[in-house]
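Right, I'll just put the structure down here and ask away after.
The values are calculated or read from the model by the stated rules, or taken from the named source; none is laboratory data. If you're wondering where the values come from, they're calculated on a predicted model, not measured in any experiment. Neighbour counts are summed over all protein chains in view; Cβ atoms, including those assigned to glycine, are modelled from backbone coordinates with ideal geometry. All accessible areas refer to the heavy atoms of the entire protein, side chains included, with ligands and DNA or RNA removed. Shrake-Rupley method; radii C 1.70, N 1.55, O 1.52, S 1.80 Å.
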Amino acid sequence: YLKESLKNLKERRQDAEKEAEKKKVAPVYPTAEQLRAEDDEEAPSVFLTVTDEAGRVVRNINGSGSKGIARASWDLRYPAPVLSGPSGDGDDEPEGGALVMPGKYLVSLSKRVGGTATKLAGPQPFTVTVEGTSVMKPEDRFALHEFQQKVSKLQRAVSGAIQLANDLKSRLSSIKKALQETAAPVEPLLNQASTLEARTNEMLRALRGDATLRSRNENTLPSISDRVNTIVDDERLSTSHPTQTHRESYGLAGELFASELQKLRQV
């Protein structure tokens with residue numbers, strides 16, 4: 001039943017054509033609008049939604065719409081702070097975000113067909129526990145949870161700023177090339193583009209580090225991204241109160257990022 005309900009427009013049309021062939025009836029050739037709708041259609045999908053006791057969405061997990069029994073797993077973590085692959089700033093196989101708090105959760109199964117999500121089953125309750133909870137202080141666990149969420153939010157913002165600055169640098173390069181091909185006096189505009197490009201390079205050095213010196217094995221100060229990523233890596237598997245060093249590093253990274261973000265907006 002699930003596989004049948006996940007068929008896209010093209011599959012449904014092909015089924016109708018096969019049925020017409022069985023009945024020895026000439027199939028109706030699709031219109032241009034129908035063919036465009038097939039090409040533009042979002043692929044049907046199945047997903048699981050994990051929520052906490054308050055109903056807040058914790059994680060969406062992609063499932064399989066193929067025939068037979070399928071299994072999907074959750075790593076008990078929030079979503080990764082940054083995207084992966086060519087569209088993001090992370091690795092091809094990103095690790096998840098911070099570990100969720102121990103407690104009660106619910107999971108539901110849904111499908112998405114034609115851009116509309118429909119719940120299929122659930123919610124099914126379950127409980128997440130942490131080994132050693134009996135010797136942990138609840139206030140430390142809550143403090144860690146809140147700190148991890150703040151750091152993840154900063155990491156997402158830094159990643160977005162880096163991507164925006166990279167896009168800006170690419171646009172400025174295209175602008176300079178277009179100006180050089182322009183049959184008109186454009187020296188003032190070229191100078192302006194070069195100035196903006198230099199400012200963008202300075203922002204990128206602050207955000208992601210000095211690539212010029214690093215490529216020559218020279219020591220450099222940690223960038224904003226370095227500071228935030230170090231905290232995330234160190235805190236990923238932690239089950240204790242966040243360290244003062246990490247708190248201070250987070251505060252410094254936040255201050256530096258606020259300054260660079262303002263510069264980026266100006267450019």
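Give, in nm to one decimal, the length gained when the segment between LYS177 and ASN8 is fully stretched (0.36 nm per residue of separation minus the Cα-Cα distance). Intermediate results must be reported in sequence, preceding the final value.
Working: separation 169, 0.36 × 169 = 60.84 nm, distance 4.42 nm.
Gain in length upon complete extension: 56.4 nm.
Listed here are the pairs LYS169/LYS263; LYS111/LYS153; LYS7/LYS119; LYS177/LYS263; which of them are more than 21 Å apart at the Cα? Display every interim value, and only then the final one.
Values: LYS169/LYS263 14 Å; LYS111/LYS153 29 Å; LYS7/LYS119 17 Å; LYS177/LYS263 24 Å.
Where the Cα-Cα span goes over 21 Å, the pairs concerned are LYS111/LYS153; LYS177/LYS263.
Now for a separate question. So which aspartates and glutamates pass the test for LYS67, namely a Cα distance under 14 Å, with those fewer than 8 places away in the same chain ruled out?
Partners found: GLU4.
Place a label point 7 angstrom from the Cα of LEU252 along the Cα-to-Cβ direction, then list the residues of the stretch 191-226 whose backbone nitrogen is under 14 Å away.
Under cut-off, by backbone N: 220-226.
With a 10 Å cut-off between alpha carbons and a GNM built on the chain, which of ALA143, ALA43, ALA32 moves the most?
ALA32
Let me ask something else about it. Using 0.36 nm times the number of residues separating SER108 and ALA198, minus their current alpha carbon distance, what extension gain do you get? Write out the running numbers ahead of the final one.
Values: separation 90, 0.36 × 90 = 32.40 nm, distance 5.02 nm.
My answer for the length gained is 27.4 nm.
With label points built 7 Å along Cα→Cβ from the Cα atoms of THR245 and ALA54, find their separation and express it in nm.
Each label point lies 7 Å from its Cα, and together they span 3.2 nm.
Same structure, new question: Under a plain spin-label model, where a point goes 7 Å from the Cα along Cα-to-Cβ, how far apart in nm are THR116 and LEU76?
Rounded to a tenth, the inter-label distance reads 3.9 nm.
At 222 nm, what helix-only mean residue ellipticity would the chain give, in deg cm²/dmol to the nearest 500, using -39500 (n - 2.57) for each DSSP H run of four or more? If you can, show how the numbers build up before the last one.
Values: 8 runs with 131 residues, N = 267.
Here the helix-only value at 222 nm equals -16500 deg cm²/dmol.
Turning to a different aspect of this structure: Looking at the chain as a GNM with Cα springs under 10 Å, which of LYS119, LYS111, LYS23 has the largest mean-square fluctuation?
Evaluated over the chain, the most mobile residue of the options is LYS23.
Same structure, new question: Grab the beta carbon distance between VAL25 and ASN62, set R0 = 30 Å, and tell me the FRET efficiency rounded to 0.05. Mind dumping the intermediate values first?
Details: r = 39 Å, r/R0 = 1.30.
Efficiency for this residue pair is about 0.15.
May I ask you to give the percent of accessible area on the stretch 221-267 that is carbon plus sulfur, with a probe radius of 1.4 Å?
Summing carbon and sulfur atoms, their accessible area is 51 percent of the total for the stretch 221-267.
Name the residue from SER110, GLN163, ASN201 whose Cα lies farthest towards the positive end of the charge dipole of the chain, charges +1 on Cβ of Lys and Arg and -1 on Cβ of Asp and Glu.
About the Cα centre, the residue reaching furthest to the positive side is SER110.
Can you tell which of VAL130, VAL50, VAL25 shows the greatest fluctuation in a Gaussian network model of the chain with Cα springs below 10 Å?
For the chain, modelled as a Gaussian network with Cα springs under 10 Å, the answer is VAL25.
Could you state the accessible area per residue of the chain in Å², with a 1.4 Å probe and every protein chain left in place?
Numbers: 17670 Å² over 267 residues.
Accessible surface, normalised per residue, equals 66 Å².
Going by average Cβ neighbours within 10 Å, how do the peptides 223-231, 256-264 rank, with the highest at the top?
Highest mean packing first, the order is 223-231, 256-264.
Still on this structure: If you average 1/r over every pair of different alpha-carbon atoms in the chain and take one over that average, what Kirkwood value in Å do you get? Display every interim value, and only then the final one.
Values: mean 1/r = 0.0430 Å⁻¹.
Evaluated on the chain, it is 23.3 Å.
Something else: Per-residue counts of other Cβ atoms within 10 Å, averaged by peptide: what ranking do you get for 180-187, 201-208, highest first?
Numbers: 180-187: 8.8, 201-208: 18.2.
In descending order of packing, they fall as 201-208, 180-187.
Taking the Cα-to-Cβ direction at SER170 and at ALA184 and moving 7 Å from each Cα, how far apart do the two end points lie in nm?
Placing both labels 7 Å along Cα→Cβ, they lie 2.7 nm apart.
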